[in-house]
Structures are given as C-alpha cells and as structure tokens.
1. Can you give me the angle between helix 311-331 and the longest principal axis of the chain, using Cα atoms only, in degrees from 0 to 90, rounded to the nearest 10?
2. Using a cut-off of 20 Å between alpha-carbon atoms, which lysines can reach residue 187, once sequence neighbours fewer than 8 places away in the same chain are excluded?
3. Sort 317, 200 from largest to smallest accessible area, using a 1.4 Å probe on the heavy atoms of the protein chains.
4. Determine the per residue accessible area of the chain with all protein chains present and a 1.4 angstrom probe, expressed in square angstrom.
5. Assuming 0.36 nm per residue, please report the length gained on full extension of the stretch residue 41 to residue 292 beyond their Cα-Cα distance.
6. Report, in listed order, any pair from 24/234; 61/137; 137/234; 61/130 with a Cα-Cα distance greater than 26 Å.
7. Extension gain residue 227-residue 67, at 0.36 nm per residue separation less the Cα-Cα distance, in nm?
8. If amide hydrogens are placed 1.01 Å from N in the peptide plane, which non-local residues have theirs closer than 5 Å to the one on residue 99?
Amino acid sequence: MNDLNSAPFPIDGVVFAWAMRSGKSDEIPPNQIGNALADPDQSVWLHLNLSHSQVQRWLEKTNLVPERAVAMIREGVTRSRLERIEKLDDCLLVVMNDFHQEFGGADGEASLGTLWAILTPHLMISLRNKPLNTTDKLRADLRAGELHPHSAIELFHELIDLRAEHLRTLLFRVSEKMDDLEELLLKGRDIPEHENLGAIRIQCSRLRRQFAPELVALHRLQKHPPFWFSNEDKIRLADDLDLLSFLVQDISNLYDRARVLQDEQAAHVAEFNARNLQVLSVMTVIFLPMTLITGIMGMNMEDLPGLKGSFYEIMFIMGLAGALVYAVLKQRRII
C-alpha cells in the first residue's frame, strides 16, 4: 500500500466527517479531512459513499485500511454478515445491518441495507451504498449536541445503540398492529383484508434471519476482543449483546404470534365456509324429494319411439345407473 500523501482524500465521496479530541467533538470540513487524519491526537469518524468511484480508488491506495478489508468490501457483500467480524492487523472490520433511509415510506416497512465499518482505536470509517437510517440519525444527534463521544470506539457503540433503538421501534409498531388484530379475533370479528398476517410473518422471518447471526459474531467478539478494547468497551459490548439477544427473541415471539393469529384466522374462515356448506347441504336435502318427484312426473314418454308404456323399465334403468355409480364410488373409497 502507498502512503497517505500519495492517496489524496476523495472529497466528493464524503458524506460526513467528525473529529473527537479531549472530550470535544466537531464536524470536519471536507477540505480539512486530510489534516485531521494526519493528527494522531484526535479520533475521526469518516462516513463515505461506497458507490462513489473515487472512494473505491482511495480505499485501494490508502494505508489507513488493510488490504484484506478492502478485498472483503470489494466482494460486494449485499446482505448482513456481521458474523464476518474480523480482526485485521490493528483494526476491526464489521459488516452489519442497517435500515434504508426511505423518505415518505410507510412506518415499519423500511428495507434492510448493508453498512461496512472499519474500526481502529482512533478512526472509524463507515461505508454505505445508499442512505442508511442509523448513520443519519447519529450525524443528526452529533450536530444537535446530544452526543459527546470521546473516541471512535465509543462512537461505534453509539451506532450500535441507535440501530437497536430503531429496530425496537419497528418491532413495537408491529406488536401494536398485532395487538389490534388479536382484539378483533377475540371479539369474533373478521380481520380486514388489508391486514396481511402473512406479510408480517415474512417480515419477522426476514428480520430474524438477518439479525440472529449477529449474536454469534458478537459472542465471538466478546470472547476475543481486540487488545485495544478497554474494560468499559467490553462492558458496553456485553450490553449490546444482551440488547440484541432480547430483540432477536422479540422478533421470534412476534413471528410465533403472527403464526397463531394466521392459524386462528384460517380456522375462522374454514368455520364460516363449513357453515355455508352446511346450509347449502340442508337446502339440497330439503328440495331433493321435490326435485326427484317433479323430474319423474314430468317425463313424457308417450311420443318417444319404443318407450311407450315403459315407465317401469325407465325407473329400473335409472335405479340401476344410480346403484352402479354408488358401487364405483364405494370401490374407490370416495364415500
């Protein structure tokens, strides 16, 4: 890898940059990022647009990122694979879930995106292809003065906490919707057609599939943290693990609730159809004698050649045909 001077910083690919020093933090103008990176006394957060070609070229040339990390990012991981947390040299590479920032979208329907994070004791580089909710929220909190991180590691924990908070809010909305559906079923009412329990089950299944592997990765990281993790960092990592475990369990509970509600709704629909079929069957039995009598009495065989005076013969043929059909159905165990 080349040195930093031979790899000019891609200002056009910068989404956001923040510097932390001695308990104070400030936003870095894009034209001063290079100087901030060269200052060993401060921690820096760089949030870059990975879809920008200049950012990709800078990653390949800078000595701030290990070559192995660049190679893994180049592979184009499109789904969350936080179990691929890897300690490379003196940095930590994390590929994690985040929610797309979808302006004007319906609540609880945000799709999942991928966030790459390269973490060192004094630098966090986050990369994304599309705007993501957690990083944008973290930037807004920093600008509003609600957060005062002292290091890049502390900033990483804040990123994890904000993502967990967004996931918890999403699950709370889903839980509220399911509470309303449960009330309708308990009152014996039909669930509105636009309330698709199947879609809720798919959403919970997708969330569980994406976030459950992170538990394995966090457990592994907790057992073998980087040497530059302080005791406070290890405690916060344990807290992150406990919170994620709770949220994944909550996702599983919501999935099971949706399955039970869907089964109950299917039972109500089956019961409704059975009642309708019973009514139709009763009406058929009531009118069957009348239909049979009118059918037989309405037959006029006087004008048909060869059938004059053959009423009883016709009845015998009809009875024989009915017996034959019954025998065939009985043989095939249909009745």
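The values are calculated or read from the model by the stated rules, or taken from the named source; none is laboratory data. Quantities reported herein were computed from a predicted structural model and do not represent experimental measurements. These accessible areas exclude ligands, DNA and RNA; they are computed on the full protein's heavy atoms, side chains included. Shrake-Rupley method; radii C 1.70, N 1.55, O 1.52, S 1.80 Å.
1. 30
2. 177
3. 317, 200
4. Ligands and nucleic acids excluded, the result is 58 Å² per residue.
5. 80.4 nm
6. Cα-Cα > 26 Å for 61/137; rest within.
7. Numbers: separation 160, 0.36 × 160 = 57.60 nm, distance 2.06 nm.
The span from residue 227 to residue 67 would gain 55.5 nm if fully extended.
8. Under 5 Å from the amide H of residue 99 lie the amide H atoms of 113, 133, 134, each far enough along the sequence or on another chain.
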